[in-house]
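Notes follow the structure.
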Amino acid sequence: MDYPHLFAPLAIGSAVFRNRIFASPQGFYNVAKDNLPSADEVAYYERKARGGFASVCVGDCIVEDATGTHYPFLIRMEDLSTLPGLAAIASAVSRHGAVASAELSHAGMYARFVKYPDGSVYGTDSMKNANAQRDTARGGDLYGPVYIADGKYGEVLEMPEEMILRIVEKFGKAAAWAKQCGFGMVTVHGGHGWLLSQFMSPYINTRTDHWGGSFENRMRLPLAVIASIRKAVGRDFPIEYRVSGSEANPKGYDLDYGIRFAEAIDGKVDIIHISAGDHEDDRAMIVTHPSMFMEDGINVKYAAEIKKHVKTPVAAVGALTDAEQMEEIIESGKADIVQLGRQSLADPDLPLKARTGRTFYINKCLRCNTCLEHTGSIRSLRCAINPEIGFEREAKIPRPAARKKRVLVAGGGIAGMQAAITAAERGHEVILCEKSGSLGGVLRCERDVPFKRRLDEYLTRQARRVTDAGAEVRLNTEVTPELAQSLSPDVIFAALGAVPAIPPIPGVDGANVAEATEVYVAPDKCGRRVAVIGGGLVGIELSIYLDGLGKEVTIVEMQPSLVTDGAGIDFLSHEDALNTSDIKIYRGTSVLEITERGLKCRNDSGEFFAEADTVVIAVGQKPLREQSFALYDCAPEVYQIGDCVTPRRILTATQTAYTIARDI
Ligand SMILES: Cc1cc2nc3c(=O)[nH]c(=O)nc-3n(C[C@H](O)[C@H](O)[C@H](O)COP(=O)(O)O)c2cc1C
């Protein structure tokens, strides 16, 4: 056993946890209109249990819909019709030996949505004044600890005592339902800025009655909720309390306060789960979901400190992907449990793989936040490097090839490798030809970039999986129509990729001009001052890398904003990295000419010159479509995948390659 501490079982009351790795609360964001968790939702949580997690938590089950919903399509814990779906999730999780937990939530003054029994919804994600559009006659007001005229989502009313008492009761009732449905634990969501943290916050809760003001009064609601749940579920049923150890922003509380809070609930709950940050503050949001620019396990420090002050088992969460590190956290006593959020999507099999000596094959989360982005954009989950996420039901059914086909994959980048793996694992005969001397494609150029370490590991792992799956790999082999025809394939995947787009700027062919991939590979060839043309993801990440190497970097972007193609939260983390760098940025600026001394530019303020020793082109990629079209007549079935369709993100490449290769 490689990780004896990580795999030591833990018994708490009536629950036995088979190891110390919990799947942290993650909402599904797409219950059906009738509130029944869908079969997809059941499969989503089941997948994590099947992968060996000791506990799987269903995120954000709302205890009172009329006042507590921050998202329209969440499980509602007051609606009888929810029960069969809840029971289905609980049994799907427990049948694999994991403890199912339901996270009980109320968003308080951030409850942007009201969902009514007829299924209608008020409020939207982005409206500053969602409250104005609420149907107050049906109870759509926002309530928090105190009156706020201009809250983040509009006017907030002070929660009257009778409502507080009602919500306390609803937490208890929801916990009883969870238990009745077969859940083995409940998790109280007392962190990330939601109702309970609003009441415990010394900054927000300035009430003058016995629910606010002093520490003792601010603790009244969290303690009343715990007592209500305890009464409903009994002594033996584990209660986990999730709280931010520090809210990590100037308007939030700090670790000292987090310690004080944990001491106040010590012994009253069974697990104290220490997260960090606050959803409703942009800076703190990237603390709650640490970005790729932050170190692994960056929030464990909060749990480790709190653990010194309490007797209750403590769980740590945040940017955990590495089994070695998790083992160290448990062994050294920093925490008793580790919780994985995004990593449980990148690889739900992490526990099984770590336990059975297959650590190399653990797909480590890139922290690209593709998952979070999709909870908003399509109300569903996706993972850039795990194409099964969002397709768990389909993926559960093995699909051996009905007829073995000869499959030629042209191109060994992200899409080509995924197609080869999926096709070969299904039993097809696969030949993967790659023009260059190694698999991995264009993103291999980022191998030395510290915040892209996980990406390079992913490419290495995928390359190994290609051969493990039995595909034949031919390196330094370009697929021409002649070669393709000579191999007589039944199926061709054209995964030829793209080449850098070169803008028609005078001077672009100068000796001081390089394109982004070249600079990634040999940054030392750049001079001290570097001007990057293009403020998309590539230009920004390259600039952050070069800034870290001590270069003086200037980004020139034609559009008025940067990373217009990035995910919302991803943008926050890139913005944060840019703000903490010395990079100079010109938005809304055209480059008129490149000279030996730098860039002649123009923007609304007129023309100016940006001095640079090296100029880097990062304006995007041009798909190798024509080369792919040339292969169209070389096999009965031809599919174009990856960047040679249109250069997009990793998700698109893995997803299309996987789904098509599953169907051939
Ligand atoms: C897609 C997604 C959904 C999440 N949903 C919830 C949720 O419903 N409730 C909650 O308390 N936290 C939620 N979180 C936060 C995670 O539980 C976790 O605290 C956070 O992602 C940091 O851990 P990680 O770095 O392992 O991802 C969610 C995170 C992600 C990425």
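Can you tell me which residue in region 261-303 is least open to solvent (accessible area, probe 1.4 Å), limited to those that are away from the ligand (no atom under 16 Å from the Cβ) and touching a Pro at 6+ places or on another chain (Cβ under 7 Å)? Out of the qualifying residues, it is Ile265.
Within region 304-323, if we keep just the residues that are under 21 Å from the mean Cα position of the chain (by Cα) and away from the ligand (no atom under 11 Å from the Cβ), the residue that is least open to solvent (accessible area, probe 1.4 Å) turns out to be Ala323.
For region 386-428, the tally of residues that are open to solvent by 10 Å² or more (accessible area, probe 1.4 Å), in a loop (DSSP other than H, G, I, E, B) and over 30 Å from Thr480 (Cβ atoms) stands at 9.
Scoring Glu64 on the criteria (1) in contact with a strand residue (DSSP E or B) (Cβ under 6 Å, 6 or more places away or on another chain); (2) more than 16 Å from the ligand (Cβ to nearest atom); (3) open to solvent by less than 10 Å² (accessible area, probe 1.4 Å) leaves a single failure, condition (1). Pairing residues of region 199-222 that are free of Cβ contacts under 8 Å to residues at least 60 places away in the same chain with residues that are open to solvent by less than 50 Å² (accessible area, probe 1.4 Å) and β-branched (Val, Ile, Thr), at Cβ distances under 7 Å and at least 6 apart in sequence or on separate chains, gives Leu221/Ile164; Pro222/Ile265. When you check Tyr44 against the structure, is it in a loop (DSSP other than H, G, I, E, B), touching a residue at least 40 places away in the same chain (Cβ under 8 Å) and either outside the structural domain of Leu345 (by TED's automatic domain parsing) or within 12 Å of the ligand (Cβ to nearest atom) (or both), yes or no? So Tyr44 fails the test. Exactly one residue out of Ser543, Ser488 is closer than 27 Å to Tyr658 by Cα and small (Gly, Ala, Ser), and it is Ser488.
The rows are residues; the columns are (1) surrounded by fewer than 17 Cβ atoms within 10 Å (Cβ to Cβ); (2) part of a loop (DSSP other than H, G, I, E, B).
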site	(1), (2)
Phe493	no, no
Leu496	no, yes
Pro504	yes, yes
Asp509	yes, yes
Ala514	no, no
Thr517	no, no
Tyr520	no, no
Gly527	yes, yes
Val530	no, no
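Checked against the criteria, Asp278 counts as touching a Ser or Thr at 6+ places or on another chain (Cβ under 9 Å) and of a type in the set (Asp, Glu).
Only one of the listed residues (Gln343, Gln339) is open to solvent by less than 10 Å² (accessible area, probe 1.4 Å), within 16 Å of the ligand (Cβ to nearest atom) and in contact with a Leu (Cβ under 7 Å, 6 or more places away or on another chain). That residue is Gln343. Listed by first and then second residue, the pairs with beta-carbon distance under 8 Å, at least 6 apart or on different chains, first residue in region 524-551 and free of Cβ contacts under 8 Å to residues at least 40 places away in the same chain, second basic (Lys, Arg) and surrounded by fewer than 24 Cβ atoms within 10 Å (Cβ to Cβ), are Lys551/Arg528; Lys551/Arg529. Restricting attention to region 537-560, the residues being among the small types (Gly, Ala, Ser) and open to solvent by less than 20 Å² (accessible area, probe 1.4 Å) number 2. Listed by position, the strands (runs of 3 or more DSSP E) enclosed by region 1-41 that each have at least 3 residues that are within 16 Å of the ligand (Cβ to nearest atom) are 21-26. Of the helices (runs of 4 or more DSSP H) lying entirely inside region 189-260, those carrying at least 1 residues that are open to solvent by 40 Å² or more (accessible area, probe 1.4 Å) are 215-218, 220-233. The set of residues in region 349-364 that are within 16 Å of the ligand (Cβ to nearest atom) and more than 20 Å from His273 (Cβ to Cβ) comprises Asp349, Ala354, Ile362, Asn363, Lys364.
In this structure, Ile389 does satisfy being in contact (Cβ under 8 Å) with a residue 24 or more places away in the chain, within 16 Å of the ligand (Cβ to nearest atom) and assigned by TED's automatic domain parsing to the domain that holds Phe28.
The values are calculated or read from the model by the stated rules, or taken from the named source; none is laboratory data. Since the model is a prediction, treat every value here as computed from it, not as a measurement. All Cβ positions, even for glycine, are placed from backbone atoms using ideal geometry, and neighbour counts span all protein chains on display. Quick note on the areas: whole protein, heavy atoms, side chains included, nothing else; ligands and nucleic acids left out. Shrake-Rupley method; radii C 1.70, N 1.55, O 1.52, S 1.80 Å.
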